[in-house]
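Report on one structure; see the data block that follows.
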Amino acid sequence: MDTGSPTCSFDAKRDFEVGRRQPGKRPPRPFNQPDAVAGEIFVQTRIEKFAWIGQPIEIKVIQVYLRNSIKLNEGICRTLDISGVSERAQQSARQRGLAGTEVALEPDRELRRQHARNRCAERQRGRLVGQVQQYIGLGMIGSMGHAEISDWGALAARIKDWGRELGFDAIGIGGIDLPEAEQGLADWLAAGFHGEMDYMARHGTRRSRPAELVPGTLRVISARMNYRPEAADAAANLADATRAYLSRYALGRDYHKVIRARLQKLAERIESETGPFIHRVFTDSAPVMEVAIASGAGLGWRGKHTLLLTREAGSWFFLGEILVGLPLPLDEPVSDHCGTCRRCLDVCPTGAIVAPYQVDARRCISYLTIELKGSIPAGLRPLIGNRVYGCDDCQIHCPWNRDAPITRETDFAVRHGLDRATLVDLFGWTQQAFESRMAGSAILRIGYERWLRNLAVGLGNAPTSSQVVDALRTRQEDSSALVREHVEWALARHAA
Ligand code: SF4
Ligand code: SF4
């Protein structure tokens, strides 16, 4: 490990058990060396719980040798300046079996101030903590009962079976090296294609390096759940300009909650077999490159529209991940089957797919109706048509979606007749009606103001009728300037 930058600070927000030695078993090398106190730490304590007790804490990793030999015992220093806290932390450490370690807790105001001034840069911290935790993860493999798992391939097969039992349509296991995706993201950001989505750049390499996001991660279990609802006829809905088109994924319950809960159950099922292990579940909820990970896990390939695509299920599905510190065998990636097709590029209403595998989000209707907070560029409004929440055109026209399966998940069934609702009806909803009907839906996230903004654009693109014009006039004096501006634009379209 790089000893040139020896200090790193633990985030210490989590609290998981690092290790529990099985009776009669010794940890593997190098953790079996009596003087490498790390071995004792790893098998008997809750490292992060301890770090939480004494946070913020700095750990100097002073020596790391090849073959995972590390010593953590000589440079742990305390930075809190609260009187008596070191004694309490020391006592707490002893209670947790740390008495044999050389842990020094030193109240030190100067260090505290210095720490505040000179926080480690995010990337450096992530890298160092990731390395330390990866060693911890490796130590855990030998000391948490994982050693008893002699056949990781069999465990991987069981994980896939459990995933199916929990309602997932496919499970794959991928690695954590995503250099191509990392470069692709950097190029995409450099081109400014992310628009207002600054959060895409905010997490640095943590997005493309899962082990920096969850230290100790060795593999990613990628899960797919189909969402295409039975009732919704996307093409018919889209063709009727008096009806509102909402992206198919948003017609049912919020997928974040559904998938996250299932992934958590899957993690618990794994834990019941392996014992405690490093893991964290995600579904579109953190900086994770879902498509790149899923494609590496053999769940499909990245289509020219940039979504994951499979031969069996097209692209109407959600993805979720569990980052795990288990050395599961990797699945084989799937080859690209887009071939010479370019339908998604040709049908995109706004020309947002600027080249194969490249979407300029600033032109994408999903971005304009969901992510963009302010005014929708006037030049793009006529191209949006009746799409008031997201857009599916590049999926509707993809040949691999022709026979995409219907979801088995009842939570994704259409709610409130959203696949048939008219623009006028939805525009008439009060804020209270919007919030109560959209409770538990992903649509609630955009809020009432953007909901009305989007519907005003849809109404501006609808065929002129007294019903449409009257509906727009009811909101000419709306309290939101954003809504008023879009209503005026829509009325001007009909006046013309
Ligand atoms: S979601 Fe719609 S606007 Fe965005 S790339 Fe696909 S077709 Fe184009
Ligand atoms: S429409 Fe054609 S090019 Fe686009 S993702 Fe589907 S198969 Fe690939």
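Here are a few things to note about the model shown:
- The simple Förster model, with R0 at 45 Å and r as the Cβ-Cβ distance, assigns GLN431 and ALA191 a FRET efficiency of 0.75.
- Here each label is just a point 7 Å from Cα along the line to Cβ, and for ASP240 and GLN264 those points are 3.9 nm apart.
- The Rg/Rh ratio of region 246-314, with both radii computed over alpha carbons and Rh defined as the Kirkwood radius, is 1.02.
- Ratio Rg/Rh [Cα only; Rh per Kirkwood] for region 177-306: 1.02
- Sites ARG311 and ASP284 - FRET efficiency at Förster radius 22 Å, r taken between beta-carbons, to 0.05: 0.40
- Residue-count net charge about ASN454 - beta-carbon cut-off 11 Å; Lys, Arg +1, Asp, Glu -1: +3
- Using the alpha carbons alone, the radius of gyration of region 422-496 stands to its Kirkwood radius in an Rg to Rh ratio of 0.97.
- Farthest positive-ward along region 422-496 dipole, Cα basis, beta-carbon charges - from ALA492, THR422, VAL469: THR422
- Placing R0 at 25 angstrom, the Cβ-Cβ distance between ARG402 and GLU180 gives a FRET efficiency of 0.30 after rounding to 0.05.
- Neighbour counts of other Cβ atoms within 10 Å put VAL424, VAL388 in the fewest-to-most order VAL424, VAL388.
- Ascending count of other beta-carbon atoms within 10 Å, so fewest first, for ASP198, ASP169: ASP198, ASP169
- Contact order, relative form, for region 150-417: 28 percent (alpha carbon pairs under 8 Å, 6 or more residues apart, mean separation divided by residue count).
- Extending 7 Å from Cα along the Cβ direction at GLU449 and again at ASP151 yields two label points whose distance is 6.0 nm.
- Cα-based convex hull, region 295-439, per residue volume (Å³, whole number): 170 Å³
- Local net charge near ALA236, Cβ-Cβ under 11 Å (Lys/Arg +1, Asp/Glu -1): -1
- Relative contact order of region 229-338: 26 percent, from C-alpha pairs under 8 Å at least 6 residues apart in sequence.
Where a number appears in this text, it was derived from the coordinates with a stated rule and is not lab data. Treat the numbers as computed from the prediction; the structure is a model and nothing was measured. Cβ atoms come from the backbone with ideal geometry, glycine included; neighbour counts cover every protein chain shown.
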